[in-house]
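Asker: I have a structure here, written as structure tokens, and I will follow up with some questions on it.
The values are calculated or read from the model by the stated rules, or taken from the named source; none is laboratory data. This one's a predicted model, so the numbers in the text were calculated from it and none came from an experiment. All Cβ positions, even for glycine, are placed from backbone atoms using ideal geometry, and neighbour counts span all protein chains on display. Each accessible area value is taken on the protein alone, full model and side chains, heavy atoms only, with ligands, DNA and RNA left out. Shrake-Rupley method; radii C 1.70, N 1.55, O 1.52, S 1.80 Å.
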Amino acid sequence: TTVEEAHDTACNLPDWNEDDHVDCMLWGGKRTYKWLMDRKRAAETTGGRAIYEMVYLNKAFVEGITMFNSEDIDQCRDINRRVGHIPAGTHLIAGLDPASTGFQACVLWAANPETGQLYLVDIENEQGGGVIQAKKSIQKWYEKYGLAHWVIEENGFQKAIRQDKDIKDYCSRFGIYLEGHQTQKNKYDPIYGVGSMQQLFEQKLINLPYGDTESETKSNIYRRQLIYFSTGASKQSGRNNKSDVVMASWFPMRVIRR
């Protein structure tokens with residue numbers, strides 16, 4: 001089966017600027033982004049969201065997969081917060097999903113141990129990968145936020161990040177702690193896996209900054225990947241199943257619970 005999305009879900013343009021969505025449409029001259037959003041709203045009104053996904057967006061669905069609920073995510077938007085804002089009484093911790101090439105994702109949380117609230121502080125999804133990009137991200141967020149705790153995936157080549165001499169020297173000098181994370185089938189665990197984060201959105205324990213354009217853009221990148229994350233994503237290739245930001249956001253959860 002070949003699936004072509006009517007709208008590229010990797011698109012970073014704001015949802016409300018409907019006229020700007022041209023190059024990201026499959027047939028921009030025949031079916032506009034405005035037309036697609038009209039179909040989406042109609043499907044949601046009648047309770048047929050799956051119809052929009054399968055028919056209009058032409059997104060393949062696998063029976064039984066668990067998807068994040070867009071309404072639960074949207075209720076966590078905070079128009080009074082911006083990217084970079086760190087609420088008082090919180091601890092900073094970030095996740096890094098390394099890549100040897102392409103895009104490498106980092107997600108920074110501010111966790112409040114008293115209330116259980118998690119504040120999304122920043123997202124980085126930069127071109128470039130490996131040890132060089134990892135060091136740039138670690139240094140950048142230490143200088144910008146004073147971030148001193150990372151959880152980094154360590155499958156395959158990724159172990160080289162914590163073992164790199166330059167990174168170890170830099171982290172030792174500034175007291176930055178790098179913690180490893182092994183990702184296997186545990187990401188599908190119903191209690192501790194990626195899907196368990198859905199409960200945090202349901203209970204509004206996650207706060208997404210939405211106070212300016214940059215905040216909206218970064219929160220929407222996260223939202224888009226959450227909605228299309230599924231148990232089949234890792235078995236399929238291509239940009240339609242990008243989940244690096246989602247994975248980077250999940251890695252610190254074990255530490256946050258601890």
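Asker: Somewhere in region 198-208, is a residue at pLDDT below 90, among the polar types (S, T, N, Q) and open to solvent by 10 Å² or more (accessible area, probe 1.4 Å)?
Answerer: Checked against the condition, which is being at pLDDT below 90, among the polar types (S, T, N, Q) and open to solvent by 10 Å² or more (accessible area, probe 1.4 Å), region 198-208 yields at least one hit.
Asker: Of the numbered conditions (1) at pLDDT 80 or above; (2) open to solvent by less than 40 Å² (accessible area, probe 1.4 Å), T183 satisfies every one except a single condition; which is it?
Answerer: Answer for T183: the failing condition is (1).
Asker: For the subset of region 30-80 comprising residues that are modelled with pLDDT of 85 or more and aromatic (F, W, Y), which member is least open to solvent (accessible area, probe 1.4 Å)?
Answerer: My answer is Y33.
Asker: For region 126-176, what are the residues that are open to solvent by 20 Å² or more (accessible area, probe 1.4 Å) and either on the phi > 0 side of the Ramachandran plot or among the aliphatic types (A, V, I, L, M) (or both)?
Answerer: G128, V131, I132, G146, A148, G156, A160, G175
Asker: Filter region 66-123 for residues that are in contact (Cβ under 8 Å) with a residue 12 or more places away in the chain, out of contact with any Leu (no Cβ under 8 Å at 6 or more places or on another chain) and in a helix (DSSP H, G or I) and give the result.
Answerer: S70, D72, D74
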